[in-house]
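Below is one structure, written out as structure tokens, with a few remarks after it.
Where a number appears in this text, it was derived from the coordinates with a stated rule and is not lab data. Since we're looking at a predicted model, the values are computed, not measured. Here the Cβ positions follow ideal geometry from the backbone for every residue, glycine too, while neighbour counts run over all protein chains shown.
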Amino acid sequence: MGDHLREAFDRELQALQEDLLEMARATGEQIHRAVEALKALDVDLADTIIAADYFIDQMQDQLEQRCVRLLATQQPMGRDLRAIMAAFAIGIDLERMADHAEGIAKATKRLSGRPHLKPLIDIPRMEEIFQGMLADALNAYINRDPDLAERMTAQDDVVDALRTQVFRELLTIMMEDPRTISQALDLILVAQHLERAADHATNIGERVIYMVTGELKELNV
């Protein structure tokens, strides 16, 4: 590839990265706002999150179109090809994270009008850990750091343990008072949404490792 073509291609790759990072920022904010809406049982905020999912979908569409255009016009090889394919896959993971934010918002709407069954401690903690995982995954992506990509996945085990704890506590509440079943099930669903969002952050770590090394390594085991 000539110097001029290489420079143009590098600019396209940089624009692709910027699009991906903007989508990641919006997705992380969606998850955070969804948990804030849950904590406050804020239906208006929940509605805003549900409506905003459309814009995340649009961002993913644009990201995919840019990837396809680069593949079709540049016919990249090696690391360049892996960078484009990684961005394509990361966009899918981010869109699915946003779907989980929408799911939390919908659960909030169902839970509104009644006080929480218990103080929300573990669920906000799950979201906090998820945000750290997402930030580390994106830093690994920006810096092409496979070691950070692998290290950040250890936090997924913490999220899994918190989801199990939420399930056990709410199961006890349901057994003691069957009238709480619908509320408890929605909170369990929220915990599952956060657990799966963390799984998608782990997937991003896998994409980074593949992008840099060419190795397909499963981290979420």
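Expressed in Å, the radius of gyration and Dmax of the Cα atoms of segment 3-213 are 19.1, 71.
Here the contact order of the chain, divided by its residue count and restricted to Cα pairs under 8 Å and six or more residues apart, works out to 25 percent.
Once the C-beta distance of residue 144 and residue 57 is scaled by a Förster radius of 22 Å, the resulting FRET efficiency is 0.20 to the nearest 0.05.
Straight-distance candidates among the lysines for linking to residue 109, with alpha-carbon spacing under 20 Å and chain neighbours fewer than 8 residues away dropped: 39, 118. Largest mean-square fluctuation among 109, 118, 39, in a Gaussian network model of the chain whose springs join Cα atoms under 10 Å apart, belongs to 118. Whole-Hz Karplus values for segment 143-155 come out as 8, 6, 10, x, 5, 5, 4, 6, 5, 5, 6, 4, 5 Hz, taken residue by residue from phi with 6.51 cos²θ - 1.76 cosθ + 1.60 and θ = phi - 60°; glycine and proline positions read x.
Each of 141, 210, 54 was scored by other Cβ atoms within 10 Å of its Cβ. Arranged with the fewest first, they read 54, 210, 141. Angle of helix 3-40 to the longest C-alpha principal axis of the chain, folded into 0 to 90 degrees and rounded to 10: 0°.
So which residue, out of 108, 172, 164, gets the largest mean-square fluctuation from a GNM of the chain using Cα contacts under 10 Å as springs? Fluctuation is largest for 172.
Compared with the dominant principal axis of the Cα atoms in the chain, helix 43-74 is inclined by about 20°. The H on the amide N of residue 144, modeled in the peptide plane, is under 5 Å from the matching H of no residue at least 5 residues off or on a different chain. Here the 3J(HN,Hα) profile of segment 203-209, calculated from phi with Karplus coefficients 6.51, -1.76 and 1.60 at θ = phi - 60°, is 4, 4, x, 4, 5, 5, 4 Hz, Gly and Pro shown as x. The residue 14 and residue 41 beta-carbon pair, evaluated with R₀ = 35 Å, returns a calculated FRET efficiency of approximately 0.25. Springs join every pair of Cα atoms under 10 Å in this Gaussian network model of the chain, and among 51, 24, 197 the largest mean-square fluctuation is at 51.
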